[in-house]
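A short worksheet on the structure shown next.
The values are calculated or read from the model by the stated rules, or taken from the named source; none is laboratory data. Just so it is clear, the structure is predicted and the values come from calculations on it, not from any experiment. Cβ: placed from backbone, ideal geometry, glycine included. Neighbour counts: every protein chain shown. The area values use the complete protein model at the heavy-atom level, side chains included, leaving out ligands, DNA and RNA. Shrake-Rupley method; radii C 1.70, N 1.55, O 1.52, S 1.80 Å.
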Amino acid sequence: MATEVKICGINSNDALNAAQEAGAEYLGFVFFPRSPRHVSLEQAAPLAKQVKPGVKKVGLLVNASDDDIRHITEQVPLDILQLHGGETPERVAEIKRNFGLEVMKVIKISEQKDFETVSVFEEVSDRLLFDAKPPKDLKNALPGGNAISFDWRLLAGKSWKRPWMLAGGLNCDNVKDAIQISGAPAVDVSSGVEDQPGLKSVEKILGFTSKAKNT
């Protein structure tokens, strides 16, 4: 089966249309104010309503409260809540129970021992996303979208109960290697398809998605 693709940080009609034209299965909207890809509810709602049937709309959240999540989901029609902060397994289960949407937990990786929490999180979430853990000396690091990757060989041969995605520093030049080395069934890209932080490139979205799906 062709690798699935998630384009994260959708914040314009051009980016939305390019991602859909390319055949991305998931479109991500970032609800984290410190990110250059952050979208307001006024921006996200009309974009989300243009998403074609069958394409999953993903809301990226970082340690969000129930009130915040409710405010977002009441205005933006989402299919998946991507939890990109320090949410505990108990909090993940609570969010899934309270909002009735699919939940994807992000697990940040830099070394083998970082996989130790997977077994707990896959019991309470619907999907997993493996992203690079920012190095401690990276100033103003974001929860994701830092354009850094981890050693994809750490994923080779592994399997889990839940569907999973690979993220972290992916771009048009390395996505084929990333898929071949890690065995990822799905990839998530944000900064790797931008001309500058927060500004998506139509050409890069089309190129990335084509390469991922033809690996």
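What's the carbon and sulfur percent of region 1-121's accessible surface, probe 1.4 angstrom, rounded to a whole number?
On the way: 2620 of 5370 Å².
With neighbouring chains kept in place, the figure for region 1-121 is 49 percent.
Pop out the Kirkwood hydrodynamic radius of region 168-215 from its pairwise C-alpha distances, inverse of mean 1/r, in Å to one decimal.
Details: mean 1/r = 0.0934 Å⁻¹.
For region 168-215, inverting the mean 1/r across all distinct Cα pairs yields 10.7 Å.
Could you work out the relative contact order of the chain? I mean the mean sequence separation of Cα pairs under 8 Å and 6+ apart, divided by the number of residues, in percent.
23 percent
Among 54-61, 94-101, what's the highest-first ranking by average C-beta atoms within 10 angstrom per residue? Could you put the intermediate results ahead of the total?
On the way: 54-61: 20.6, 94-101: 14.6.
Ranked by mean Cβ neighbours within 10 Å, highest first: 54-61, 94-101.
Over the alpha-carbon set of the chain, work out the extent along each principal axis and list the three values in angstrom, largest first.
Principal-axis extents of the Cα atoms in the chain, largest first: 41, 41, 38 Å.
Give the distance, in whole Å, between the Cα centre of region 172-186 and the Cα centre of region 35-108.
Value for the Cα centre distance between the two parts: 26 Å.
In whole percent, what relative contact order does region 38-134 give with Cα contacts below 8 Å and a gap of six or more residues? Each step should come with its number before you reach the end.
Numbers: 128 pairs, mean separation 22.4, N = 97.
Normalised by residue count, the contact order of region 38-134 is 23 percent.
Non-local amide H neighbours of GLU4 (under 5 Å, H modeled in plane, Pro and chain starts lacking H): which ones?
ALA186, VAL187
Springs between alpha-carbon pairs under 10 angstrom, Gaussian network model over the chain: which of PRO36, PRO185, PRO53 fluctuates most?
Checking each option, the largest mean-square fluctuation is seen for PRO53.
Would you please give the residues with an amide H less than 5 Å from that of LEU60, counting only those at least 5 places away or on a separate chain, with H modeled from the backbone geometry?
Those lying under 5 Å, H to H, from LEU60 are PHE29, VAL30, PHE31, GLN82.
I'd like to know which of GLY59, ASN174, SER201 lies farthest towards the positive end of the charge dipole of the chain, counting +1 on Cβ of Lys and Arg and -1 on Cβ of Asp and Glu.
Going by the charge dipole, the pick is ASN174.
As a quick test, which of the pairs LYS161/LYS200; LYS96/LYS200; LYS105/LYS213; LYS96/LYS211; LYS57/LYS113 have an alpha carbon distance above 26 angstrom in this structure? Can you show the working numbers first?
On the way: LYS161/LYS200 33 Å; LYS96/LYS200 30 Å; LYS105/LYS213 24 Å; LYS96/LYS211 33 Å; LYS57/LYS113 31 Å.
In this structure, LYS161/LYS200; LYS96/LYS200; LYS96/LYS211; LYS57/LYS113 exceed 26 Å between Cα atoms.
Give me the dipole magnitude in Debye, nearest 20, for the chain about the Cα centre, with unit charges on the beta carbon: positive for Lys and Arg, negative for Asp and Glu.
My answer is approximately 260 debye.
At 1.4 Å probe radius, can you tell me the per residue accessible area of region 1-132 in Å²? Present the calculation step by step, with values, prior to reporting the outcome.
Details: 5620 Å² over 132 residues.
Dividing the accessible area of region 1-132 by its residue count gives 43 Å².
Taking only the Cα atoms of region 57-135, how large is their convex hull per residue, in Å³? Could the numbers behind the result be given before it?
Details: hull volume 6.7 nm³, N = 79.
Considering the Cα atoms of region 57-135, their hull volume per residue is 85 Å³.
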